[in-house]
Amino acid sequence: MEARNLPATRAICPAWNKGRIVGQKRPLKPKHVWTIRVRLELAENHRDLTLFNMAIDSKLCSCDLVKMKVVDVMASGQMKERASVLQSKTQKSVRFEISEGTRASVENWMEDELMIGSEYLWPGRLHERLHISTRQYARIVRDWVTSIGL
C-alpha cells in the first residue's frame, strides 16, 4: 500500500503575538523622559511623578521598586540623599543617589492623605494590599509611554 502525504494542518486563529513587538523594549530617550515628567507635573499627579523619578534614579527592577518603603528614603522626617534597597533576586544591597527633583516630588507625595500611616512608598488602594503590584506598575508605565505617543 502506498503512503500518501497529508496536507499540513494550520491553526484557525492567528498567533497571539502577530504584529506585536515582544521582548525587551528600547530605552526612553532623554526628550521622552522630560516629556513624561512635564506631563505628570502639569497634571499634578504626585504619585506617578514620584514613581517615575524614583524609577529613573534607582534603575531598579519593578519588583524592587514597588516594595520600597518610606524608611528607605526618609530618616527622622528628612529626605536622604542616598538610598539603599535590598534586591530580591540577588539579596544584595543597592545604593543610589536621589536627585533634587526626586526628593522634591517625594516630599510632595508624602503630604498626600493616602500616605498617612503608610509603610510603603506606593501603597495599594485596598487594605489587604500593602503596595501596588508589578502588574499595576506595568499598566502605569504603559500609560506614560502611550501618553507621549510611543
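What the table shows:
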{"item": "Mean projected area (nm²) of the alpha-carbon convex hull when the chain is viewed from all directions", "result": "15.2"}
{"item": "Charge tally in the Cβ shell below 14 Å around residue 139, where Lys, Arg are +1 and Asp, Glu are -1, residue 139 excluded", "result": "+2"}
{"item": "Among the listed pairs 59/80; 18/92; 31/59; 25/67; 29/67; 29/89, those beyond 29 Å (Cα-Cα)", "result": "18/92"}
{"item": "For the range 83-150 versus the range 14-45, the gap between their alpha-carbon centres in whole angstrom", "result": "17"}
{"item": "Nearest 10 degrees, 0 to 90: helix 30-42 Cα axis against the chain principal axis", "result": "60"}
{"item": "Helix 134-147 vs. the chain, principal-axis angle (Cα, 0 to 90°, nearest 10)", "result": "90"}
{"item": "Compactness of the range 64-136, expressed as Rg and Dmax over alpha-carbon positions, Å", "result": "12.6, 34"}
{"item": "Solvent-accessible area per residue, Å², over the range 11-58 with all protein chains present [probe radius 1.4 Å]", "result": "79"}
{"item": "Accessible area of the chain belonging to carbon and sulfur atoms, whole % at 1.4 Å probe", "result": "52"}
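The values are calculated or read from the model by the stated rules, or taken from the named source; none is laboratory data. Treat the numbers as computed from the prediction; the structure is a model and nothing was measured. Note that we place each Cβ from the backbone using ideal geometry, even for glycine, and neighbour counts take in every protein chain shown. When the accessible area is computed, the model is the full protein with side chains, heavy atoms only, and any ligands, DNA or RNA have been set aside. Shrake-Rupley method; radii C 1.70, N 1.55, O 1.52, S 1.80 Å.
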